[in-house]
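The values are calculated or read from the model by the stated rules, or taken from the named source; none is laboratory data. What you are looking at is a predicted structure, and each value in this text was computed from that prediction instead of being measured. Glycine gets a Cβ as well: all are built from the backbone with ideal geometry, and neighbour counts include every protein chain shown. The accessibility values were calculated without ligands, DNA or RNA, using every heavy atom of the protein model including side chains. Shrake-Rupley method; radii C 1.70, N 1.55, O 1.52, S 1.80 Å.
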Amino acid sequence: MPDTIEVPVLIVGGSLVGMSSAMLLGHYGVGSLVVEHHRGTAIHPRAAQITQRTMEIFRTVGVEQIVRRRSAEQFVQDGAIMGVESLAGKEIAYYIANLNEGIRDLSPCERVFISQSLLEPLLKQRAEELGADLRFATEMTSFEQDDTGVTAHIKHRDTGETATVRARYMIAADGAHSRVRDRLRIPMQGRGVFSNSITIYFRGDVGPLLRGRNLSVIYVINPILRGFFRIEIPFTSGFLAVIALGDPEHPNTDVSAGLTDQSCLDLLHAALGVDDIPVKIEDVMRWQSEANTAERFREGNIFLAGDSAHVMPPYGGFGGNTGVQDAQNLAWKLASVLQGKAAPELLDTYERERRPVGEFTVEQAYSRYVTRTAPYLASKGFQPVAHDMNVELGYCYDGQLHEHPNESKGRPGSRAPHLWLSEGCSTLDLLGRDYVLLAGPQWNGITDIQVHRITEPAFPAAYGITPSGAVLVRPDGFIAWRGEGAPPLV
Ligand SMILES: Cc1cc2nc3c(=O)[nH]c(=O)nc-3n(C[C@H](O)[C@H](O)[C@H](O)COP(=O)(O)OP(=O)(O)OC[C@H]3O[C@@H](n4cnc5c(N)ncnc54)[C@H](O)[C@@H]3O)c2cc1C
């Protein structure tokens, strides 16, 4: 390692959100250095439910197709999200019968199931193609900041080599236990930690217990445990996450305390509903279920993104997706400021836009946790469960927080609606690099920015304009301005 490395953006943490940040910065033409403590990309599956919005972001940077292809190798797509007493036993509820049913018209992309361990190498490859400098087995050990940037000290775990990094900005994508956040004394606010949870990774031929059902997430709700299964093709491996034990009204949520090989096996059998299938436990991961949002997402030249900014229970599959959205919101703003296209004040909008959305999404994940498996928490209050699409595609930056994506109709602060313009080409494919103007067929204004005059008859109504109107769309696909245009001549 050279003694000193200069880079526009230093990213601490090279997992889902750090890697996405590097990829998106590269897409906008900004170099970054990623330092990641681990020796490679994620080894544990964790996030697997990837929303349409995340896939739209991946589409912008050219990885949507490969992510789709690889996802089909790992999971049968379009599965259900449902609850059972046990995998072999009684079904309790179908929360989503088919992951993509009824939502295909909302986006050019589909929800997919692909775990972090398979996804992250694809993002890594794209980040490297786009010029990111990725250093694994490398830890950021300390940092300080001044008015013009951040100075950080990094160390290679194996060789002990050290270097000083000087960056204009730093992204803390260092996860739920963010040491950068702690060092900046940014407190977390919310519901706190409500379970010391575990994930049991296992092998065993559980295919027959699926009985031909296509199940993406299987919540297990019985008097012994509450948690969920995910099972991979060819149905001989998967994991069981366990969040609570015993009496549902007075549960033991310290699941990770006093675990033994036998107690893990007992939990697995209780969730499978049979104990005559040979299963082998390969690993057990300990983690905390919590629902918290950082009080601030920014301190000077340092930005929190992903789990360092918000941590939520994995009910709804929102955590990693919300982090990718943070990365997207931040990347184009950092690029605009670093490239002199925007004043530094643009960066103030990161926290203003993303913190309310982060907090809302944390609450929505918590509400799903309470209503699906932890009714004992209901007495402490929780937000009404919003439509999944409001959370996944309909989050807004105009103070309204969320709405169904069919309702926004190009309102400033909302995501630009998808509309097919020709075979395989969506309105969203016109966006993603700079500001663009999407204009009705009769629009006749003059502007320096790129204009797409759209003749598709459904366009004006989808964007809430007349044929002589137009909308200005930001690089992240959110509407910045809408000019509804003159009423049509009669
Ligand atoms: C069982 C389970 C299932 C889940 N399912 C879903 C799902 O279906 N969909 C979804 O969207 N989310 C899901 N999540 C949540 C998702 O896994 C997280 O939201 C996501 O991993 C957050 O990514 P991140 O990059 O912000 O943080 P992390 O993945 O925690 O990564 C932080 C990285 O920073 C590194 N790091 C920390 N400090 C330093 C340092 N000083 N120097 C260098 N490196 C450092 C760490 O080594 C780590 O790799 C699930 C979580 C769990 C536990």
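Numbers for the structure displayed
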quantity	calculated
Spin-label pair Val76/His44, simplified geometry with 7 Å Cα→Cβ offset, distance in nm	2.8 nm
0 to 90° range, to nearest 10: angle between helix 16-27 axis and the chain longest Cα axis	20 degrees
Cα-based helix-to-principal-axis angle, 348-373 vs the chain, degrees rounded to 10	30 degrees
Mean separation of Cα contacts under 8 Å (6+ apart) over length of the stretch 298-386, as relative contact order %	30 percent
Glu101 accessible area, assembled protein chains, probe 1.4 Å, Å²	130 Å²
Positive-end residue, the chain charge dipole about Cα centroid, Cβ charges, pick of Ile92, Pro441, Ser71	Pro441
The stretch 106-249 - charge dipole about Cα centre, Lys and Arg +1 at Cβ, Asp and Glu -1, debye rounded to 20	300 debye
Ranking by accessible area, most exposed first, for Thr455, Thr373 with a 1.4 Å probe	Thr455, Thr373
Per-residue SASA entry for His37, accessible area with 1.4 Å probe, Å² rounded to 10	70 Å²
Cα lying deepest toward the dipole's positive end in the stretch 193-290, options Thr253, Tyr201, Cys264, charges on Cβ	Tyr201
Cα radius of gyration and Dmax for the chain (Å)	23.1, 79
Which of Val17, Val284 is most accessible, then next, and so on - probe 1.4 Å	Val284, Val17
Separation of alpha-carbon centers, the stretch 268-331 and the stretch 359-435, rounded to whole Å	18 Å
Relative contact order of the stretch 409-483, pairs being alpha-carbon contacts under 8 Å that are 6 or more residues apart, as %	41 percent
Test item: Cα-centred dipole of the chain, Lys/Arg +1 and Asp/Glu -1 on Cβ, debye	360 debye
Total charge dipole magnitude, the stretch 367-489, about the Cα centre, Cβ charges on Lys, Arg, Asp, Glu only, Debye to nearest 20	380 debye
Square roots of five times the Cα gyration tensor eigenvalues for the stretch 294-369, Å	26, 11, 9
Solvent-accessible ranking of Val63, Val274, largest area first, probe 1.4 Å	Val274, Val63
Spatial extent of the stretch 372-490: Rg and Dmax, with the Cα atoms as the point set, Å	17.3, 61
Cα-based helix-to-principal-axis angle, 319-338 vs the chain, degrees rounded to 10	30 degrees
Within the accessible area of the chain (1.4 Å probe), percent carbon and sulfur	51 percent
Dipole of the chain [Lys/Arg +1, Asp/Glu -1 at C-beta], most positive-end residue of Pro384, Tyr463, Trp287	Tyr463
Shape box of the stretch 381-445 [Cα atoms, principal axes, largest first, Å]	51, 28, 22
Heavy atoms of Lys380 accessible to a 1.4 Å probe, total area in Å² rounded to 10	150 Å²
Per residue accessible area of the stretch 193-290, 1.4 Å probe, in Å²	42 Å²
For the chain: relative contact order, % (alpha-carbon pairs under 8 angstrom, 6 or more apart)	15 percent
For the stretch 193-290, convex hull of alpha carbons as volume per residue, Å³	96 Å³
Proximal lysines to Lys333, defined as alpha-carbon separation beneath 25 angstrom and excluding residues fewer than eight positions away on the same chain	Lys124, Lys341, Lys409
Centroid-to-centroid separation of the stretch 46-74 and the stretch 227-245 [C-alpha atoms, Å]	21 Å
